[in-house]
Structures are given as structure tokens and as C-alpha cells.
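Working notes for the structure below.
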Amino acid sequence: MKSLIKTLGLSGCLAFTAGCASSQPNTFTFTADLPPDFVYQAIAKYVPAEGETCSVPGGRNTAVVYNVKWRGIYQPNAEIALRRTVSGCPLVISRIELDIYATYGKARGDYGVDTASVFIRNEVEEQYKSVFNEMGESTFYGECQQLFRTSGKPRILRKLLNCKTIDAQGERGTSQPFAAFTPDQLPGKTVKMHIKLADEERPAIGDTWVKVPNGWKRCMGDNYEDQYAFCFGNYKDFSGFQMPDGRQCTIYPGCTE
């Protein structure tokens, strides 16, 4: 799987075949089905079409960003061009980089983020090639898990996001969510990213929290200035922590025991 991601991630190595039918639409729709408080930002990246010797000065304007202001203006559907011309150079789409954001508080930094990808290449191994249904829609799946930790002397709770592929049985894989297509599959079609939230959260760093019957308790470590505060076998001395909304708590997620 890692070799596939590495191969597909090589920009400019493959692109559209020459002679695309002009009657085909030049766009496809990307959309996402996400858990509450999740959004995505997409960056569509383009490279010179196959056989072209031109280049774009400084590589400027060879990417298009969707949901750039995701905090305030979020649209789940994005109409993405397959071909563009920039500075007189014909370009074709090669991949879409996807940032998945999950907010957990009201402060500007109260979010976790992880990534997913859509690759568009002339050749994709059949075992990895995404397919479309009779409605012209192709869906790829992933599961995101919230990972909690504490930060700073007040031990403020922060959350990271970890997203992986899942199979038809719901088993998590080892790679980030992705889909792969050949360019002739995409005109007029819809690509959907479906992300589910894992049933349970877990600590971001091992041996820092202790599982108790009604949640997790934070190991004290040496003192509150001990940023790592590993348990090191001490499962009796715990510290309080501060939730993102300012509450002082002794257990996560219920706050009070």
C-alpha cells in the first residue's frame, strides 16, 4: 500500500491521454459525507498535459483551493476542472490533496486535522482503481479517531485527528483514505469521500492516561510542569486538567467522577 501511495503521489509522471473527446464535460464533482463538526479543504493540483513542453512561471496558479475559508464558509460540493490553461500552458489535474478538519472547541486553534488524497493517473492497477456505480458516483471510505492529550502547565485538553482507510467490514487499514482514477472515468461524475467517526477516543501518547471504569485519568508525572508526565507504573497519582471550554476536570470525557 505504501508503495502505491508513493507511486501515485509523484506529480507529473502521468497525465491525460491525448485527444480527449471535446464533447465530454471538463469537470467532475467532489463531495464529502462527514461527521458533525467536520469539514474538508481540497487542493486540486495540475501539471502540464502529456506531450507539453511548456511550464508555468514559478508554478503559480497551478493549484485551486476549495473551502479556503472553511471556518466560516463551507460548501460540501466542489466542481473541479479536469483541464485548465495557465500562462498559456495546457494543464491537467493530477491529484487532489484533502485536509480533514474536526473542531472540538470555540477557540481558533481548537481543531484536529489529517489528510486524504484523490489520485488521477493514466494507469492504475485494477486492485486499486476506484469504480463508479450506475448513478455515476464513486465513494471511498475512511474512519477518523480523536486522540486526546494535554498541553501547557494548566494541562489544557487538546485533540489530534487520525484518519485511516476502512474496508467493507469496517476494519481500519494502515494508509490514509484515498481513491485512484484514470482521467477517462471522471468527466461528469461524482467522487464522494465518506468519513465515519470512531466509536471511542484514545490517548494520543501511550502511558500518560489510565483507563478507569468511567473514562480516563491523567497521570501526574513529576509535577504540572512535566509536559510528558508519563505514568511509569504510578497509577495512583493523577492530575486535573482543563477542558477547551475552561472547565476544570479530573476525568475524561465526563469531567467529574
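Determine whether SER117 is within 20 Å of GLY188 (Cβ to Cβ), small (Gly, Ala, Ser) and in contact with a strand residue (DSSP E or B) (Cβ under 9 Å, 6 or more places away or on another chain). Break it down into steps so the answer makes sense when it comes.
Numbers: within 20 Å of GLY188 (Cβ to Cβ): no; small (Gly, Ala, Ser): yes; in contact with a strand residue (DSSP E or B) (Cβ under 9 Å, 6 or more places away or on another chain): yes.
So SER117 fails the test.
Looking at TYR141, is it surrounded by 12 or more Cβ atoms within 10 Å (Cβ to Cβ), in a loop (DSSP other than H, G, I, E, B) and of a type in the set (Ser, Thr, Tyr)? If you could, list the steps in order and put the result at the bottom.
On the way: surrounded by 12 or more Cβ atoms within 10 Å (Cβ to Cβ): yes; in a loop (DSSP other than H, G, I, E, B): no; of a type in the set (Ser, Thr, Tyr): yes.
No.
How many of the residues making up segment 199-226 are outside any strand (DSSP E or B), free of Cβ contacts under 8 Å to residues at least 60 places away in the same chain and under 19 Å from ILE156 (Cβ atoms)? Steps first, please.
Start the filter on segment 199-226 by keeping residues that are outside any strand (DSSP E or B), which leaves 199-201, 204-208, 213-214, 220-226.
Within this subset, residues satisfying the condition of being free of Cβ contacts under 8 Å to residues at least 60 places away in the same chain are 199-201, 204-208, 213-214, 220-223, 226.
Going one step further and asking which of them are under 19 Å from ILE156 (Cβ atoms), we end up with 201, 204-205, 208, 220-223, 226.
Counting residues in segment 199-226 that are outside any strand (DSSP E or B), free of Cβ contacts under 8 Å to residues at least 60 places away in the same chain and under 19 Å from ILE156 (Cβ atoms) gives 9.
Among LYS45, LYS106, LYS69, which is in the same structural domain as SER175 (by TED's automatic domain parsing) and in contact with a Lys or Arg (Cβ under 6 Å, 6 or more places away or on another chain)? Walk me through it before giving the result.
Working: LYS106 fails: in contact with a Lys or Arg (Cβ under 6 Å, 6 or more places away or on another chain); LYS69 fails: in contact with a Lys or Arg (Cβ under 6 Å, 6 or more places away or on another chain).
Testing whether each residue is in the same structural domain as SER175 (by TED's automatic domain parsing) and in contact with a Lys or Arg (Cβ under 6 Å, 6 or more places away or on another chain) leaves just LYS45.
Here's the yes/no breakdown for (1) closer than 24 Å to ASP114 by Cβ; (2) at pLDDT below 95; (3) surrounded by fewer than 17 Cβ atoms within 10 Å (Cβ to Cβ):
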residue	(1), (2), (3)
PHE181	yes, no, no
GLY188	no, no, yes
MET193	yes, no, no
ARG202	yes, no, yes
ILE205	yes, no, yes
PRO213	no, yes, yes
TRP216	yes, no, no
CYS219	no, no, no
GLU225	no, yes, yes
Regarding segment 32-46, can at least one residue be identified that is assigned to a loop (DSSP other than H, G, I, E, B) and more than 30 Å from GLU143 (Cβ to Cβ)?
no
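The rows are residues; the columns are (1) hydroxyl-bearing (Ser, Thr, Tyr); (2) over 21 Å from LEU161 (Cα atoms).
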residue: VAL39; (1), (2): no, no
residue: TYR46; (1), (2): yes, yes
residue: ARG71; (1), (2): no, no
residue: VAL86; (1), (2): no, yes
residue: LEU98; (1), (2): no, no
residue: LYS106; (1), (2): no, no
residue: PHE119; (1), (2): no, yes
residue: GLY142; (1), (2): no, no
residue: GLN145; (1), (2): no, no
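Taking segment 172-198 only, how many residues are free of Cβ contacts under 8 Å to residues at least 60 places away in the same chain and either out of contact with any strand residue (DSSP E or B) (no Cβ under 9 Å at 6 or more places or on another chain) or not charged (D, E, K, R) (or both)?
Within segment 172-198, the subset free of Cβ contacts under 8 Å to residues at least 60 places away in the same chain is 172, 185, 198.
Of the ones still in play, those that are also either out of contact with any strand residue (DSSP E or B) (no Cβ under 9 Å at 6 or more places or on another chain) or not charged (D, E, K, R) (or both) are 185, 198.
Residues in segment 172-198 being free of Cβ contacts under 8 Å to residues at least 60 places away in the same chain and either out of contact with any strand residue (DSSP E or B) (no Cβ under 9 Å at 6 or more places or on another chain) or not charged (D, E, K, R) (or both): 2 in total.
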When the residues of segment 27-59 are narrowed to those that are over 25 Å from ASP199 (Cα atoms) and without any contact (Cβ under 8 Å) to a residue 12 or more places away in the chain, which ends up surrounded by the fewest Cβ atoms within 10 Å (Cβ to Cβ)?
THR53
Quick check, is ILE166 surrounded by 13 or more Cβ atoms within 10 Å (Cβ to Cβ) and in contact with a helix residue (DSSP H, G or I) (Cβ under 8 Å, 6 or more places away or on another chain)?
no
Residues that are out of contact with any helix residue (DSSP H, G or I) (no Cβ under 8 Å at 6 or more places or on another chain), among the charged types (D, E, K, R) and surrounded by fewer than 19 Cβ atoms within 10 Å (Cβ to Cβ), drawn from segment 111-128:
GLU123, GLU126
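The values are calculated or read from the model by the stated rules, or taken from the named source; none is laboratory data. None of these values were measured; they are calculated from a predicted model. Backbone-built Cβ (ideal geometry, glycine too); neighbour counts: all protein chains shown.
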